[in-house]
1. With the requirement that a residue be in contact with a Phe, Trp or Tyr (Cβ under 9 Å, 6 or more places away or on another chain), basic (Lys, Arg) and touching a residue at least 60 places away in the same chain (Cβ under 8 Å), what does region 73-122 give you?
2. When region 90-113 is examined, which residues are found to be of a type outside the set (Val, Ile, Thr), over 15 Å from residue 54 (Cα atoms) and buried (at least 16 other Cβ atoms within 10 Å of the Cβ)?
3. Residues that are within 14 Å of residue 94 (Cβ to Cβ), of a type in the set (A, V, I, L, M, F, W, C) and at pLDDT 95 or above: which strands (runs of 3 or more DSSP E) entirely in region 15-57 hold 1 or more of them?
4. Hey, could you check region 123-138 for residues that are exposed (fewer than 15 other Cβ atoms within 10 Å of the Cβ) and either among the basic types (Lys, Arg) or touching a residue at least 12 places away in the same chain (Cβ under 8 Å) (or both) and say which is farthest from residue 22 (Cα to Cα)?
5. Considering only strands (runs of 3 or more DSSP E) fully contained in region 81-138, which possess at least 2 residues that are modelled with pLDDT under 95?
6. Quick one: would you say residue 27 is closer than 27 Å to residue 134 by Cβ, in contact (Cβ under 8 Å) with a residue 24 or more places away in the chain and in contact with a strand residue (DSSP E or B) (Cβ under 6 Å, 6 or more places away or on another chain)?
Amino acid sequence: MSQETTKSGRKSPPRGEHPVKVDSTGRLKFPAAYKEYLDGLDEKAIFVTVVFGMIRGYTSSSWEQELSKLNSKPAVKKAVWEDGDRFGQDVTADGQGRATLPQKVRDVVPVEDSTLHMRFHGEVIWMYTEDQWSKMGAKNDANRESVKADAEELGFV
């Protein structure tokens, strides 16, 4: 699901979790790997919004691609789209990879003077608060053994 680029840059999103400090004005600096990847995209704006309580950043046309997954449930698609537009805005990082999260996003998920844990899911940047990151980790820890058995059965080592 990675995007082909016309420039010499990363062709697939960075892997792994990247902690990012958010200052008192909601400004953050993307990790170097993110900046490199985003610089390689033709479209520089990232649509930053809140979906189900989590801050997400959609690159290029990934917002529309994600919404299309909801086509079989028009009412759900409309509700998600309306919330996305209600809270979200296009954000463009400056030359050093700095950007300010939209005020409406910060009103819903206060992140000033905190750390966000970023990771790509396809072409979408998921931004977890410390609490969200801890809860996700605890859930994964609790499910590890059952998941491991299923993964091994499927040949994943």
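The values are calculated or read from the model by the stated rules, or taken from the named source; none is laboratory data. All values derive from a computational prediction rather than experimental measurement. No Cβ is skipped: glycine too gets one built from the backbone with ideal geometry, and neighbour counts run over all protein chains shown.
1. Across region 73-122, the qualifying residues are 98, 119.
2. Scanning region 90-113 gives 93, 97, 99.
3. Counting at least 1 such residues, we get 27-29, 46-51.
4. By that ranking, first place goes to 135.
5. By residue number, no strands (runs of 3 or more DSSP E) qualify.
6. The answer is yes for residue 27.
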